[in-house]
Amino acid sequence: MMPREETSTSTPSPSSMSEADHEEALAFLDRLDLVEAILADLTTLGLVGEDDNKFLAYLVATSRKLDKPLSLSVISRASAGKSWLLTRVIELMPVEDVMRYTRISPRALFYDEPGRYKNKILFIEEAIGAKEADLPVRSMQSERRLSNLVTMTDPKTGKLKTQETVVEGPLTYLTSSVEPLDYETATRSFEIAIDESVEQTARVVARQFHEHTLDGVREHLATEAIVRRHRNAQRLIEPFVVVNPHAPKLRFPTGTLRLRREALKYLSLMAVLALLHQHQRPVRTFTQNGVTYRYVEVYPADVDRANRLMAECLARALSDLPGPAQELLLKIQAYVTEQAGQRRLDPEAITFNRREIRERLEWDDRQLRRNLDLLAEQEYVEVVAGSFGKRYVYRLSPDHRLIVQAGLSVEEKIRALGLTASRDLETPSRSDLDEEKPTLRRKP
């Protein structure tokens with residue numbers, strides 16, 4: 001990642017922490033099992049399961065410190081827990097770095113304080129709340145600034161004049177939606193879907209019951225300490241330059257135009273992983289035009305973690321279907337395959353109606369109808385019979401296997417996408433690991 005201009009902000013400095021808080025936060029960042037510790041804390045906060053989703057959300061929030069931050073949209077059905085996931089993750093970020101709104105008006109971002117959004121998190125609880133502000137939000141994500149030329153009255157002369165207003169970014173944008181986002185917005189963010197399986201619902205309900213036990217009450221009382229530790233740890237993460245020495249060796253698919261943006265997300269994902277682990281790595285320096293910059297490097301372990309998190313998102317990006325529709329298609333494929341085996345017929349000969357699929361998935365009729373209509377519109381399923389007032393009968397279209405990749409395991413997706421594994425990269429030497437660590441390691 002490129003160096004970014006340093007500016008003074010209202011962010012509390014590490015020296016403003018108590019010595020105990022500083023040491024606790026530093027010890028947390030020094031943990032060799034840092035990723036597992038983050039996941040465990042998010043579970044204690046009530047986010048059961050969803051390990052890849054919640055860690056990706058945590059990384060995206062942390063990426064606000066990069067010169068090119070990431071963004072994230074959670075697309076799932078109502079009651080799945082979209083806002084819950086984002087709210088829990090945001091709770092672990094420093095309050096001075098988070099701006100959370102239910103709605104923003106079309107021109108609100110243009111007229112805010114010039115540096116208010118620089119390297120901050122903009123969290124809009126539901127995407128519909130930012131619908132009128134899509135253009136400035138997208139500009140902040142891509143161009144990392146907003147410029148606005150307006151006509152106004154000169155208070156001295158009373159004459160009209162033009163004035164330019166500039167609001168600096170970049171920012172990290174987080175939101176959720178039950179509906180697929182428009183293409184322009186979707187390509188600028190990671191898109192994830194909540195696990196809506198019966199098994200995950202069982203885990204969520206079990207967690208809800210656990211929270212009413214004595215152990216659950218104790219864990220709830222410990223959340224304040226968890227939140228404080230994470231917020232302080234985030235304040236100790238410095239916005240170093242990140243260098244990826246493995247970048248020339250990394251493989252990435254190139255089949256569609258959208259993959260240009262997906263490749264940038266992939267690289268930023270590795271960069272934020274390196275930034276998160278900066279207190280466990282040597283900090284090097286280089287000088288350019290008389291200015292000395294400090295930087296950390298991406299390690300092979302970061303590549304592996306990025307591959308895992310990227311696999312599902314990339315498979316989704318390569319498909320023209322949103323997450324719930326992909327899930328529905330996979331369930332229909334499984335049902336049709338099962339019926340074809342039992343009845344000794346070709347899958348294309350098996351027909352089904354909404355009631356059969358609704359009982360199989362335990363989806364409500366409104367959600368099923370919406371996503372089944374989308375599958376029919378995209379020609380993944382065909383309407384065999386049916387009209388207004390009559391039962392609709394469907395079958396899989398001959399090219400329904402176009403997104404079969406979405407049903408693979410994470411490891412299979414990584415191989416199918418051709419992403420480079422860490423075993424094909426050089427591992428840092430022991431001397432590298434023993435080099436000088438970051439200067440911000442003990443409270444002065």
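Here, each number is a calculation from the coordinates, and none is a lab measurement. Predicted, not measured: the structure shown is a model, and the values here were computed from it. Note that each Cβ is placed from the backbone with ideal geometry, even for glycine, and that neighbours are counted across all protein chains shown.
Do the alpha carbons of any pairs in 120/265; 68/161; 68/249; 118/265; 65/265; 118/413 sit beyond 24 Å of each other, and which pairs? Walk me through the numbers before you get to the answer.
On the way: 120/265 18 Å; 68/161 34 Å; 68/249 22 Å; 118/265 19 Å; 65/265 15 Å; 118/413 35 Å.
Going by Cα-Cα distance, 68/161; 118/413 fall outside the 24 Å limit.
Where the convex hull is taken over the Cα atoms of the stretch 227-272, what is its projected area averaged over directions, in nm²?
On the way: hull surface 18.7 nm².
Its Cα hull, projected and averaged over all orientations, spans 4.7 nm².
Grab the DSSP H runs of the chain that are 4 residues or longer, score each as -39,500 (n - 2.57), total them, divide by all residues and round the 222 nm result to the nearest 500 deg cm²/dmol. Walk me through the numbers before you get to the answer.
Working: 15 runs with 182 residues, N = 444.
Calculated from helices alone, the mean residue ellipticity at 222 nm is -13000 deg cm²/dmol.
Counting other beta carbons within 10 Å of each residue's own, what order do 185, 102, 44 fall into, fewest first? Could the numbers behind the result be given before it?
Numbers: 185 22, 102 10, 44 16.
Lowest to highest Cβ neighbour count: 102, 44, 185.
Nearest 5 percent is fine: what portion of the DSSP beta bridges confined to the chain is antiparallel? Don't skip to the answer; put the middle values down first.
Details: 21 of 40 bridges.
In the chain, approximately 50 percent of DSSP beta bridges are antiparallel ones.
Would you work out the relative contact order for the stretch 6-137, in percent, from Cα pairs under 8 angstrom that are 6 or more residues apart? Let's see the in-between values first.
Details: 100 pairs, mean separation 27.6, N = 132.
Dividing the mean separation by the residue count of the stretch 6-137 yields 21 percent.
Going through the stretch 227-261, which trypsin sites (Lys or Arg not before Pro) have at most 11 other Cβ atoms within 10 Å and a DSSP loop state? Can you show the working numbers first?
On the way: sites: 228, 229, 231, 235, 249, 251, 258, 260, 261; in loops: 251, 258.
Sparse-neighbourhood loop trypsin sites (Lys or Arg not before Pro): 251.
Quick check: Cα centre of the stretch 233-258 to Cα centre of the stretch 161-221, how many Å?
So the two Cα centres are separated by 23 Å.
Which angle from 0 to 90°, rounded to the nearest 10, does the C-alpha axis of helix 365-377 make with the longest principal axis of the chain?
Roughly 90 degrees, rounded to the nearest 10.
Taking every eigenvalue of the Cα gyration tensor of the stretch 323-416, multiplying by 5 and rooting it, what semi-axes result, largest first, whole Å? If you can, show how the numbers build up before the last one.
On the way: eigenvalues 100, 51, 31 Å².
Semi-axes (√(5λ), whole Å): 22, 16, 12.
In sequence order, what are the phi-derived ³J(HN,Hα) couplings for the stretch 96-110 according to the Karplus relation 6.51 cos²θ - 1.76 cosθ + 1.60 with θ = phi - 60°, rounded to whole Hz, with x for glycine and proline?
Listing the rounded values in order: 6, 9, 10, 10, 10, 9, 7, 8, 10, 7, x, 10, 4, 5, 5 Hz.
Based on other C-beta atoms within 10 Å, arrange 140, 152 from fewest to most. Please report the intermediate quantities before stating the final value.
Values: 140 25, 152 10.
If I rank by nearby Cβ atoms, fewest first, I get 152, 140.
Over the stretch 209-341, what is the percentage of antiparallel beta bridges among all DSSP beta bridges, to the nearest 5? Working shown, then result.
Working: 5 of 8 bridges.
Antiparallel bridges make up about 60 percent of those DSSP assigns within the stretch 209-341.
Along the charge dipole of the chain, pointing to its positive end and built from +1/-1 on Cβ of Lys, Arg, Asp and Glu, which listed residue (216, 290, 230) has its Cα farthest out?
290
Using 0.36 nm per residue of separation minus the Cα-Cα distance, give me the extension gain between residue 79 and residue 345 in nm, one decimal. Walk me through the numbers on the way to the answer.
Working: separation 266, 0.36 × 266 = 95.76 nm, distance 3.78 nm.
Using 0.36 nm per residue and subtracting the Cα-Cα distance, I get 92.0 nm.
Return an integer: the convex hull volume of the alpha-carbon atoms of the chain, in Å³ per residue.
Enclosed volume per residue, from the Cα hull, is 206 Å³.
Compute a Gaussian network model of the chain, connecting alpha carbons closer than 10 Å, and tell me which residue from 97, 182, 67 fluctuates the most.
182
Calculate the spin-label point distance for residue 225 paired with residue 210, positioning each point 7 Å from the Cα along the beta-carbon direction, and give it in nanometres.
1.8
Can you tell me which of 126, 362, 327 moves the most in a GNM of the chain? Springs connect C-alpha atoms under 10 Å apart.
The residue with the greatest mean-square fluctuation here is 362.
Looking at the stretch 220-316, what % of the alpha carbon pairs are farther apart than 24 Å?
Details: 1776 of 4656 pairs.
Cα-Cα pairs in the stretch 220-316 separated by more than 24 Å: 38 percent.
For the stretch 74-221, what is the convex hull volume of the alpha-carbon atoms per residue, in Å³? Intermediate values should be presented prior to the final figure.
On the way: hull volume 19.7 nm³, N = 148.
Once divided by residue count, the hull of the stretch 74-221 is 133 Å³.
Identify which of 142, 76, 176 has the largest mean-square fluctuation in a Gaussian network model of the chain, with springs joining Cα atoms closer than 10 Å.
Among 142, 76, 176, the largest GNM mean-square fluctuation belongs to 142.
Which whole-number percentage describes the relative contact order of the chain, with Cα contacts under 8 Å and a sequence gap of 6 or more? Please report the intermediate quantities before stating the final value.
Working: 664 pairs, mean separation 83.7, N = 444.
The value is 19 percent.
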